[in-house]
Amino acid sequence: MKKLIRSVAALAAMIGVALPAAAQEKTSISITRQPGILYLASHVMETQKLIEKQAEAQGIKGVTVEWRTFSGGGAQTDALLAGSVDIVNTGTGNLLLLWDRTKGKVKGIITSSAQPVIMVSNDPRIKTLDDITPQDKIAVPTVGVSTQAILLQIAAAAKYGDAQVKKFDPNTVQLGHPDAVAAISNPSHEVKNHFAAPPFQYIELKQKGVHRVTDSREILGGALTQATFFTTTGFADANPKLIIAVREATKEAIGFIKKDPKAALEAYKAVTGDKTSIDDLMAIMNEPGFIDDYRIDPQGTMKFATHLNKIGTLKTMPKAWTDYYLPVSADLNGN
């Protein structure tokens, strides 16, 4: 009978059916993220066990969280759909695509960062996107669906017209950010351009001959959520207290980052093994507005949705950002 109950619960979670309120919530969950300090809130959450703390405040004792790092958002979303992880922490594009393809059975919980992502180059010929030729390769975390890949589409449509929206798609190659940094540092490497993310873009910009080409704010005309926690509605319906715990833990982590950024970076280094010095990381945190962009309210997501719908990638156009976020986030000042 216990085996049957577990099977029914698993099936219900997969198809998005809400379980009775009295059902036992999970006490062991897995969450993914990507490399970099865009995901700094997750490192604070891990080292301070904030989800575990907030879950206990919700009446769920003994929660354990497994944190897993993936090089790109595509692998994270595949893992979510396969049921091998419960929650992912990645970009807006991936959330929108899964929300659309699952007909609303994947939704956001809360965001954790909205810093600009910067495209850099070590090629002196490439000053702007106009200088990109068919032979020039641009490293992005995931071809076609990563935030960086979609930003290139938006830029292409704005510069060359809607018919050229995928002008830069053939230029993109899939590389995790650490691998792309290694490529950019090697002048003989075929990849000379990287649409990066913090801290990698700032590490690269310190290298001789590396310069900025464009960034997300220039392309979108404003801020864009870079990291958001999302999950299946099946998991959310079956584990409402855990969803609240993740939301509250994220808020607590961001508050900690703003109060003590150095301690937050020490958590990042402890988790990731990043050899970048604390002084260099603090210099990044002191970039204008950088710390303020650790925020829980979705930014620029409807602009992304409008673009994806316009080119046919998103079959359903949401009426508002709350369509692809869970009700627990409806009070946020998002866009």
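The values are calculated or read from the model by the stated rules, or taken from the named source; none is laboratory data. Note that the structure is predicted; figures quoted are calculated from it, not measured. Glycine gets a Cβ as well: all are built from the backbone with ideal geometry, and neighbour counts include every protein chain shown.
Of everything in region 290-314, what is in a loop (DSSP other than H, G, I, E, B) and either in contact (Cβ under 8 Å) with a residue 12 or more places away in the chain or surrounded by 15 or more Cβ atoms within 10 Å (Cβ to Cβ) (or both)? Give them in sequence order.
The first filter runs over region 290-314 and keeps only residues in a loop (DSSP other than H, G, I, E, B), leaving 290, 294-300, 311-314.
Answer for region 290-314, where residues must be in a loop (DSSP other than H, G, I, E, B) and either in contact (Cβ under 8 Å) with a residue 12 or more places away in the chain or surrounded by 15 or more Cβ atoms within 10 Å (Cβ to Cβ) (or both): F290, Y294, R295, I296, D297, P298, Q299, G300, I311, T313, L314.
Checking the condition part of a loop (DSSP other than H, G, I, E, B) and surrounded by fewer than 18 Cβ atoms within 10 Å (Cβ to Cβ), which residue from K251, K319 passes?
Numbers: K251 fails: part of a loop (DSSP other than H, G, I, E, B).
Answer to the check: K319.
Scan region 80-95 and tell me whether some residue there is at positive phi and not charged (D, E, K, R). Reasoning before the result, please.
Here is the first cut: in region 80-95, the residues at positive phi are 83.
Still in the running and not charged (D, E, K, R): 83.
Yes, that holds for at least one residue.
Answer with yes or no whether A180 is in contact with a Ser or Thr (Cβ under 6 Å, 6 or more places away or on another chain) and either without any contact (Cβ under 8 Å) to a residue 60 or more places away in the chain or not assigned by TED's automatic domain parsing to the domain that holds T147 (or both).
Values: in contact with a Ser or Thr (Cβ under 6 Å, 6 or more places away or on another chain): no; either without any contact (Cβ under 8 Å) to a residue 60 or more places away in the chain or not assigned by TED's automatic domain parsing to the domain that holds T147 (or both): yes.
For A180, the condition - in contact with a Ser or Thr (Cβ under 6 Å, 6 or more places away or on another chain) and either without any contact (Cβ under 8 Å) to a residue 60 or more places away in the chain or not assigned by TED's automatic domain parsing to the domain that holds T147 (or both) - is not met.
Could you say which residue among T102, T128, T90, T172 is in the same structural domain as E248 (by TED's automatic domain parsing), surrounded by fewer than 24 Cβ atoms within 10 Å (Cβ to Cβ) and of a type in the set (V, I, T)? Show your work before the answer.
Values: T128 fails: in the same structural domain as E248 (by TED's automatic domain parsing); T90 fails: surrounded by fewer than 24 Cβ atoms within 10 Å (Cβ to Cβ); T172 fails: in the same structural domain as E248 (by TED's automatic domain parsing).
Going through T102, T128, T90, T172 in turn, just one is in the same structural domain as E248 (by TED's automatic domain parsing), surrounded by fewer than 24 Cβ atoms within 10 Å (Cβ to Cβ) and of a type in the set (V, I, T): T102.
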